[in-house]
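To start, the structure under review is shown below, and the notes come after it.
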Amino acid sequence: MKQKRLLPLFLCLCLLFVLPVKVSAADNSEQETSAAYLREQGIMVGDGNGEMNLDSGLTRAQLATVLTRLHGNPEHVQVDQAFYTGQCKFPDVPEWARLYVGYCYANGLVGGISDTEFGPDLHIRRGDFLLMLYGAAGKPAVTSPASFTDVSPSDYYYTAVSWAQANGLA
């Protein structure tokens, strides 16, 4: 039930960062209001200086952090911090993100860009975002193929895009 309740919030959050566009003053106010809410809920806390950096987009490590905060029970994640940090098998993940990437990896929410690389600083693209969202939804059965001309059945995110399109998310 928690996943269903948080899914719309997660989608809005990620779209806020994944699809950066020029914003008007009114939109900027909405963006700042949304950012304040996310900070108050502990979903996002900003960088080391507390800055949200809303115009920079999300990286893979940042999205893993958000996914962990939305998907996991915070108390459970903290109690099992050593376990989840140990589940991060990617040496390129910085220390601050190892807990979050490890949690997401252990729960099938993310994978690496190879067997030994996560690509923590790579910015999230549509296919990657939908793949993570598909994982967070439990990888449900896909009932119809994607009809996007820029998505091929051979793409690693094809199933996720097909699922998202069938459910009105893409």
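The values are calculated or read from the model by the stated rules, or taken from the named source; none is laboratory data. Bear in mind that the values here come from a model prediction, so they are computed numbers and not experimental data. FYI the Cβ positions are ideal-geometry reconstructions off the backbone, even for glycines, and counts take in every protein chain you see. Remember, those area values only see protein heavy atoms, side chains included, never the ligands or the DNA or RNA. Shrake-Rupley method; radii C 1.70, N 1.55, O 1.52, S 1.80 Å.
Among the numbered criteria (1) within 15 Å of the chain's Cα centre (by Cα); (2) modelled with pLDDT under 90, which one does residue 120 miss? Every condition holds for residue 120 apart from (2). If you go through the stretch 96-105 and keep only what is of a type in the set (A, V, I, L, M) and open to solvent by 10 Å² or more (accessible area, probe 1.4 Å), you end up with just 99. Close contacts from the stretch 106-128, counting a first residue that is under 21 Å from residue 95 (Cβ atoms) and open to solvent by 40 Å² or more (accessible area, probe 1.4 Å) and a second that is of a type in the set (D, E, K, R) and in a loop (DSSP other than H, G, I, E, B), with Cβ to Cβ under 6 Å and a gap of 6+ residues or different chains, come to 117/92. State which residue is surrounded by the most Cβ atoms within 10 Å (Cβ to Cβ) when the search covers only the stretch 84-95 and only residues that are in contact (Cβ under 8 Å) with a residue 12 or more places away in the chain and part of a helix (DSSP H, G or I). This residue is 84.
Just for the stretch 33-74: of the residues that are in a loop (DSSP other than H, G, I, E, B) and open to solvent by 70 Å² or more (accessible area, probe 1.4 Å), which one is nearest to residue 110 (Cα to Cα)? Steps first, answer last, please.
We begin by selecting, within the stretch 33-74, every residue in a loop (DSSP other than H, G, I, E, B); these are 41-58, 72-73.
If we keep only those that are open to solvent by 70 Å² or more (accessible area, probe 1.4 Å) as well, we get 41, 45, 48-49, 51, 53, 55, 73.
Values: 41: 23, 45: 21, 48: 24, 49: 27, 51: 26, 53: 23, 55: 24, 73: 18 Å.
By that ranking, first place goes to 73.
Let me confirm something: among 34, 114, which residue is of a type in the set (Gly, Ala, Ser), closer than 21 Å to residue 134 by Cα and more than 16 Å from the chain's Cα centre (by Cα)?
Details: 34 fails: closer than 21 Å to residue 134 by Cα.
Exactly one of 34, 114 is of a type in the set (Gly, Ala, Ser), closer than 21 Å to residue 134 by Cα and more than 16 Å from the chain's Cα centre (by Cα), namely 114.
Restricting attention to the stretch 129-166 and to residues that are polar (S, T, N, Q), modelled with pLDDT of 90 or more and farther than 29 Å from residue 98 by Cβ, the residue that is least open to solvent (accessible area, probe 1.4 Å) turns out to be 162.
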